[in-house]
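The values are calculated or read from the model by the stated rules, or taken from the named source; none is laboratory data. Quick caveat: nothing in here was measured; it's all calculated off a predicted structure. Using ideal geometry, Cβ is built from the backbone for each residue, glycine included, and neighbour counts are taken over all protein chains shown. To get the accessible areas, we keep the full protein, side chains included, count just its heavy atoms, and leave off ligands, DNA and RNA. Shrake-Rupley method; radii C 1.70, N 1.55, O 1.52, S 1.80 Å.
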Amino acid sequence: EPFRQAAKLLSTMPGISDVSANVVVAEIGIDMSRFPTPGHLLSWACLCPRNDESAGKRRSTRLRRGGVWLKTTLVQAAWAAIKVKGSYLQAQFQRLRARRGTKKAIVAVAASMLTAAWHMLRDGTEWQDLGAAHFDRADMTKTANRLIRRLQQIGYKVEAIPA
């Protein structure tokens, strides 16, 4: 019964179907005390990039091999999650895809989903979407300056007056 409840809890997250929730619960379990932080879980699931540096040169940042079932299921769920309009995961994917590329962005969304799953299983809470405007709210002045710069680049003269 506790496993069913945990799977039901995880299926509230967008992109996570009943089957995906069962796979996640089967792979990581429901006891999150074995992972002190979400970072430990991400590392165990091989969803964090390598930090391979030697003599100041950054080498491979490929993902490690491992966590075959969990990683595959989460990446597949991430593809489904980014289809939800106006969601935090879609906004995160769009931001990262522009800078890092599609594959790195989808792995980052999968890692965010696993981090959220860690919190959900540890606290017993349901998914709470931060919304697509979360990144704009995080630093409004930075967003305003970026948009002003973009308008100036395409030939507009702009004066910003805060409301």
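What to note about this one:
- The range 1-131 - Rg (one decimal) and Dmax (whole number), Cα, Å: 14.9, 52
- Equivalent-ellipsoid semi-axes for the range 57-163 (Cα gyration tensor, √(5λ), whole Å, largest first): 32, 19, 12.
- Dimensions of the range 23-80 from C-alpha coordinates, computed as largest minus smallest value along each principal axis and given longest first, are 41, 28, 17 Å.
- Candidates K142, K103, K71: whichever shows maximal mean-square fluctuation once the chain is modelled as a Gaussian network with Cα springs under 10 Å: K142
- Solution diffusion estimate, µm²/s, Stokes-Einstein, the range 1-52, Kirkwood Rh from C-alpha pairs, 37 °C, viscosity 0.692 mPa s: 273
- Accessible carbon and sulfur surface of the range 1-63 relative to its total accessible area, %, 1.4 Å: 52
- The GNM of the chain, with springs linking C-alpha atoms under 10 angstrom apart, assigns the highest mean-square fluctuation among A26, A144, A77 to A144.
- Average accessible surface area per residue within the range 54-119, 1.4 Å rolling probe, Å²: 60
- Note that the range 21-29 has calculated 3J(HN,Hα) couplings of 4, 5, 5, 4, 5, 5, 7, 9, x Hz, one per residue in order, obtained from phi through the Karplus relation 6.51 cos²θ - 1.76 cosθ + 1.60 (θ = phi - 60°); glycine and proline are x.
- Cα centre as origin, Lys/Arg/Asp/Glu Cβ charges: the range 11-163 dipole, Debye: 1060
- Per-residue Karplus couplings for the range 81-98, computed as 6.51 cos²θ - 1.76 cosθ + 1.60 with θ equal to phi - 60°, are listed in order as 5, 6, 7, 6, 5, x, 9, 4, 5, 5, 5, 5, 4, 4, 5, 6, 4, 5 Hz, Gly and Pro entered as x.
- Highest-fluctuation residue, E126, E53, E27 considered, GNM on the chain with Cα pairs under 10 Å: E53
- Helix-only CD estimate at 222 nm, as mean residue ellipticity for the chain, using -39500 (n - 2.57) per DSSP H run (n ≥ 4): -18000 deg cm²/dmol
- In this rough spin-label picture, where each label sits 7 Å from Cα along the Cβ direction, the R137-Q94 distance is 1.6 nm.
- For the range 22-77, the relative contact order is 36 percent, taking Cα pairs closer than 8 Å that sit 6 or more residues apart in sequence and dividing their mean separation by the residue count.
- Whole-Hz ³J(HN,Hα) from phi, Karplus 6.51 cos²θ - 1.76 cosθ + 1.60, for the range 130-144, glycine and proline x: 7, x, 5, 7, 4, 5, 5, 5, 4, 8, 5, 5, 5, 5, 4
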